[in-house]
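One structure is given here, and the rest of the page talks about it.
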Amino acid sequence: MNKLIYNYIKENRSRILDTWIQNMRNKADERLIKGVSTEVFESTSDEFVEMIISRLTEKEEEFLSLLTDFAEKVVRLGWPLVFVNEGLKEFEKIVYGGLVDQGLVNQDKLLEVVGDLDSFMTPMQNEVVNMYSQIWEKTVSLQKIALQELSAPLIPVLDRITVMPLVGTIDTERAKQIMENLLNGVVNHRSEVVLIDITGVPVVDTMVAHHIIQAAEAVRLVGAHCMLCGIRPEIAQTIVNLGINLNEITTKNSLQKGIEAALEITSRQIVEMEEVE
Amino acid sequence: MEFQSCVKIINEWDIVAARQLGRNVAKELGFGTVDQARITTAISELARNIYLYAGQGKVCIEKLYEGGKSGLLIIASDEGPGIPDVRKVMEDGFSTSGGLGAGLPGVKRLMDEFDLDTTIGKGTEIRAIKWLR
Ligand SMILES: Nc1ncnc2c1ncn2[C@@H]1O[C@H](COP(=O)(O)OP(=O)(O)OP(=O)(O)O)[C@@H](O)[C@H]1O
Ligand SMILES: [Mg+2]
């Protein structure tokens, strides 16, 4: 590494940082600053510049650990990659500008300094992009797992009666999960009746209907009843328009009606208690 | 041509994006909840067919204004294998994928106008319109 650049960065560290924060603040749009306090913005900026400098002064491992921490933090804060990239470029610009302003580089050394600075910044840029996308992928896959856990919950509401409330879009993966959980649930909870509630499902197309029909059929095969509840009026109409036959499945317009029917199937009912004297 | 916007269909989640686009435009045009559901379901069927049978393609949504009435046009187009027997696929229950075979005849019933144009080896384009009443 060029001694001149190295010394300049080390000696002017705080000035570089201040300029950097100021310039980046102008570049950052509203969304980025909002929700992040000035302290967090400044401390994150400080870490960023610290990390760049550590690439110069510290061992490889030290830099990588700072980079990992930094990348995790900015992904969590929602700083876009473009902004981070911009930050690296800005750093380069400030350092170069400073060197020229202070008259530290003369004409014949100019090219050499530019080349050195570039060969320092470019590989680092790759490393930063790489780390950022790794962390990003990790975050997305964690969210996927979290979603999957939410996707088809089974709730044993009463002895032998289980409810599966579905909320949100049903894709093929989720449809599979619904079938699996239903069948496991019937066995594990010794359910005689399972109620699928689709109040929260925005669209019931042929794929969703097909999966519901298959799930109901499978439940019937393991000896339990399956009921479909919470069919909103507009969904009922589209199902009819599609020409889908749900005659094989018991349907109830609300979960409450479904539970009443389920009690009846299991030969029970809810009664009001007489006032005890 | 009136305002048009499109969603590329490449993976399963693009189907959801296309539906969302359709629902937003339907709302803007003033369609009620039942027609919104019909339109989004029709888009879902067409987009899923693209995803399943053509691999990729696009769904475009257009606002129509004609002689004092307004409507919503769905254009689902792909450069997939095309459909060999158009009459058959319009029958209820015909499916080459073990599905219900209710998609295409269903879309025709959900919408007011339906037009299917397909060439073997070239692709398929389906246009369907819902008029605002
Ligand atoms: N874009 C397309 N390109 C090529 N073939 C298609 C396309 N769309 C539909 N098809 C063919 O038409 C058949 C009928 O389609 P349709 O949507 O009516 O039923 P499906 O997709 O098989 O089942 P589902 O009821 O789940 O929609 C399909 O099985 C497929 O062979
Ligand atoms: Mg289909």
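What the table shows:
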{"read-out": "For B:Leu21, solvent-accessible area (1.4 Å; no DNA, RNA or ligand), Å²", "value": "40 Å²"}
{"read-out": "Chain A - percent relative contact order, Cα under 8 Å, separation 6 or more", "value": "13 percent"}
{"read-out": "Candidates B:Arg19, B:Arg109, B:Arg38: whichever shows maximal mean-square fluctuation once chain B is modelled as a Gaussian network with Cα springs under 10 Å", "value": "B:Arg109"}
{"read-out": "Largest-first ordering by accessible area, 1.4 Å probe, given options A:Val74, A:Val40", "value": "A:Val40, A:Val74"}
{"read-out": "Highest-fluctuation residue, B:Ile83, B:Ile61, B:Ile120 considered, GNM on chain B with Cα pairs under 10 Å", "value": "B:Ile120"}
{"read-out": "Size of charge dipole - chain A - debye, nearest 20, with Cβ of Lys, Arg +1 and Asp, Glu -1, no other charges", "value": "440 debye"}
{"read-out": "Placed amide H near A:Thr199: partners under 5 Å, 5+ positions off or other chain", "value": "A:Leu166"}
{"read-out": "Set of aspartates and glutamates near B:Lys58 by C-alpha distance (under 12 Å), chain-local residues within fewer than 8 positions excluded", "value": "B:Asp14, B:Asp78, B:Glu79, B:Glu125"}
{"read-out": "Shielding by other protein chains, A:239-249, mean Cβ within 10 Å", "value": "4"}
{"read-out": "Accessible solvent surface per residue of segment B:5-133, calculated while the other protein chains remain in place, 1.4 angstrom probe, Å²", "value": "47 Å²"}
{"read-out": "For segment A:103-154 versus segment B:1-46, the gap between their alpha-carbon centres in whole angstrom", "value": "36 Å"}
{"read-out": "Accessible area buried between chains B and A, both sides summed, probe 1.4 Å, in Å² to nearest 100", "value": "1800 Å²"}
{"read-out": "Dipole axis of chain B (+1 Lys, Arg; -1 Asp, Glu on Cβ), positive-most option in B:Gly67, B:Gln56, B:Ile126", "value": "B:Gly67"}
{"read-out": "Cysteines (scope the protein assembly as shown) whose Cβ has no counterpart Cys Cβ under 4.7 Å", "value": "A:Cys226, A:Cys229"}
{"read-out": "Protein-only accessible surface order, largest first, of A:Cys229, B:Cys6 at 1.4 Å", "value": "B:Cys6, A:Cys229"}
{"read-out": "Cross-link pairs A:Lys138/B:Lys8; A:Lys252/B:Lys69; A:Lys176/B:Lys63; A:Lys27/B:Lys27; A:Lys3/A:Lys138 - those with Cα-Cα distance over 29 Å", "value": "A:Lys252/B:Lys69; A:Lys176/B:Lys63; A:Lys27/B:Lys27; A:Lys3/A:Lys138"}
{"read-out": "For segment A:155-265: accessible area per residue (Å², 1.4 Å)", "value": "47 Å²"}
{"read-out": "Sum of -39500 (n - 2.57) over DSSP H runs of 4+, divided by residues of chain A (222 nm, nearest 500)", "value": "-22000 deg cm²/dmol"}
{"read-out": "Chain-alone versus full-assembly comparison, segment A:159-205, residues with accessible loss of at least 10 Å² (1.4 Å probe)", "value": "A:Thr169, A:Asp171, A:Thr172, A:Pro202, A:Val203, A:Asp205"}
{"read-out": "Assigned charges on the beta-carbon of Lys, Arg, Asp, Glu; segment A:3-149 dipole about Cα centre (debye)", "value": "280 debye"}
{"read-out": "Share antiparallel - DSSP beta bridges, segment A:155-265, percent rounded to 5", "value": "20 percent"}
{"read-out": "Solvent-accessible area, 1.4 Å probe, carbon plus sulfur percent, for chain A", "value": "51 percent"}
{"read-out": "GNM top mover of A:Glu60, A:Glu47, A:Glu92 - chain A, alpha-carbon springs below 10 Å", "value": "A:Glu60"}
{"read-out": "Proximal aspartates and glutamates relative to A:Lys109, as straight alpha-carbon distance under 19 Å, when same-chain residues fewer than 8 apart are discounted", "value": "A:Glu92, A:Asp101, A:Asp118"}
{"read-out": "Cα centroid separation - segment A:185-253 against segment A:52-102, whole Å", "value": "54 Å"}
{"read-out": "Interchain or long-range residues, amide H under 5 Å from A:Thr251's placed H", "value": "A:Leu228"}
{"read-out": "Per-residue ³J(HN,Hα) for segment B:45-55, Karplus 6.51 cos²θ - 1.76 cosθ + 1.60, θ = phi - 60°, Hz, x for Gly and Pro", "value": "4, 5, 5, 5, 4, 4, 4, 7, 9, 10, x"}
{"read-out": "Simple Cβ-charge dipole of segment A:156-277, Lys/Arg +1 and Asp/Glu -1, about Cα centre, in debye nearest 20", "value": "460 debye"}
{"read-out": "Sequence-separation-based contact order of segment B:2-131, relative, with Cα cut under 8 Å and 6+ spacing, percent", "value": "25 percent"}
{"read-out": "Share, in percent, of DSSP beta bridges within the protein assembly as shown that are antiparallel, nearest 5", "value": "70 percent"}
{"read-out": "Mean ellipticity per residue at 222 nm, deg cm²/dmol - from DSSP H runs of n ≥ 4 across chain B, formula -39500 (n - 2.57)", "value": "-11000 deg cm²/dmol"}
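The values are calculated or read from the model by the stated rules, or taken from the named source; none is laboratory data. Model, not experiment: these values are computed from the prediction. Here the Cβ is made from the backbone with ideal geometry for all residues, glycine too, and neighbour counts use every protein chain on show. We work out accessible area using only protein heavy atoms, side chains counted, and drop any ligands, DNA or RNA first. Shrake-Rupley method; radii C 1.70, N 1.55, O 1.52, S 1.80 Å.
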